[in-house]
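Some notes on the structure that comes next.
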Amino acid sequence: MLDHGFPPIAAPHARLLILGSLPGRMSLERREYYAQPRNAFWTIMGRLFDAGPELAYATRTQRLTEHGVALWDVCAAARRPGSLDAAIDRASVTPNDFAAFLAEYPHIRLIAFNGGKAAELFRRRVQPALADALAPVRLATLPSTSPAHAAMPLAEKVTRWAAVLQN
């Protein structure tokens with residue numbers, strides 16, 4: 001059985017796209033990006049864009065779009081038992097339509113990957129076909145916010161995310 005991702009959250013003036021790999025189980029159940037409470041994503045967004053986990057989901061996503069931040073995933077669909085990115089069956093991956101996304105949101109100048117798996121999937125499955133569309137876009141891989149990647153302290157993750165997203 002394939003898991004299917006969500007549509008992007010973006011405003012017409014979006015300049016930054018944050019990409020995960022594919023929503024985890026709890027996110028799929030709640031129909032919300034980064035719904036797992038132990039995932040540090042919304043805590044980091046709270047520190048950087050005043051879109052923290054204490055706010056309602058609609059408010060958090062609105063604050064991100066007000067700051068020109070878009071959210072999406074590399075995979076439109078894939079087979080993954082559980083929620084770990086390492087369990088994504090590469091052969092089952094159907095990437096999202098980034099050519100259409102970049103045409104609709106032409107102000108995107110930075111694509112930030114939430115972890116190495118999202119970056120790897122994008123570079124293998126998406127980037128080769130988009131050389132021209134990606135020419136003005138900087139790509140940056142950030143530390144994963146997943147609770148499975150808890151070796152790096154939250155303060156270090158915030159520092160690394162801020163260095164890329166706030167410059």
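The values are calculated or read from the model by the stated rules, or taken from the named source; none is laboratory data. Note that the structure is predicted; figures quoted are calculated from it, not measured. Note: ideal-geometry Cβ built from the backbone for every residue, glycine included; neighbour counts use all protein chains shown. The accessibility values were calculated without ligands, DNA or RNA, using every heavy atom of the protein model including side chains. Shrake-Rupley method; radii C 1.70, N 1.55, O 1.52, S 1.80 Å.
For the chain, with all protein chains in place and a probe radius of 1.4 Å, 54% of the accessible heavy-atom surface sits on carbon or sulfur.
Using a ≥ b ≥ c from the Cα gyration tensor of region 76-167 (square roots of the eigenvalues), is it rounded, prolate or oblate, where a/c under 1.5 gives rounded and otherwise the larger of a/b and b/c decides, a/b for prolate? Note, shape of region 76-167 comes out oblate.
Each of residue 59 and residue 91 was given a label point 7 Å from its Cα along the Cα-to-Cβ line. The distance between the two points is 4.7 nm. Label point of residue 103 set 7 angstrom out along Cα-Cβ; within region 133-167, amide nitrogens under 17 Å from it belong to 133-135.
Skip the ligands, DNA and RNA, and give the accessible area per residue of region 101-161 with a 1.4 Å probe, whole Å².
Working: 3060 Å² over 61 residues.
Heavy-atom SASA per residue in region 101-161 reads 50 Å².
A Förster radius of 35 Å combined with the Cβ-Cβ distance from residue 124 to residue 150 puts the calculated FRET efficiency at roughly 0.85.
Summed over qualifying helices (DSSP H, 4 residues or more, each -39500 (n - 2.57)) and divided by its residue number, the chain shows a 222 nm mean residue ellipticity of -9500 deg cm²/dmol.
Obtain the nm distance between the two label points defined at residue 15 and residue 31 by a simple spin-label model: each point lies 7 Å from its Cα along the Cα-to-C-beta direction. With each label placed 7 Å out from Cα toward Cβ, I get 3.3 nm. Computed from label points 7 Å out along Cα-Cβ, the spacing between residue 79 and residue 135 is 4.0 nm.
For region 14-117, GluC sites (Glu not before Pro) meeting the loop criterion (DSSP other than H, G, I, E, B) and having at most 13 other Cβ atoms within 10 Å: 54. Our summary gives the chain a relative contact order of 29 percent, counting only alpha carbon pairs under 8 angstrom and 6 or more residues apart.
When a/c reaches 1.5 or more, the comparison of a/b and b/c decides; with that in mind, is region 1-65 rounded, prolate or oblate per its Cα gyration tensor? Here region 1-65 falls in the oblate category. Using the Cα gyration tensor of region 36-134, with a ≥ b ≥ c the square roots of its eigenvalues, what is the shape: rounded (a/c below 1.5), prolate (a/b larger than b/c) or oblate (neither)? It comes out oblate by the Cα gyration axes. For region 1-81, the per residue solvent-accessible surface stands at 44 Å², with DNA, RNA and ligands left out and a 1.4 Å probe.
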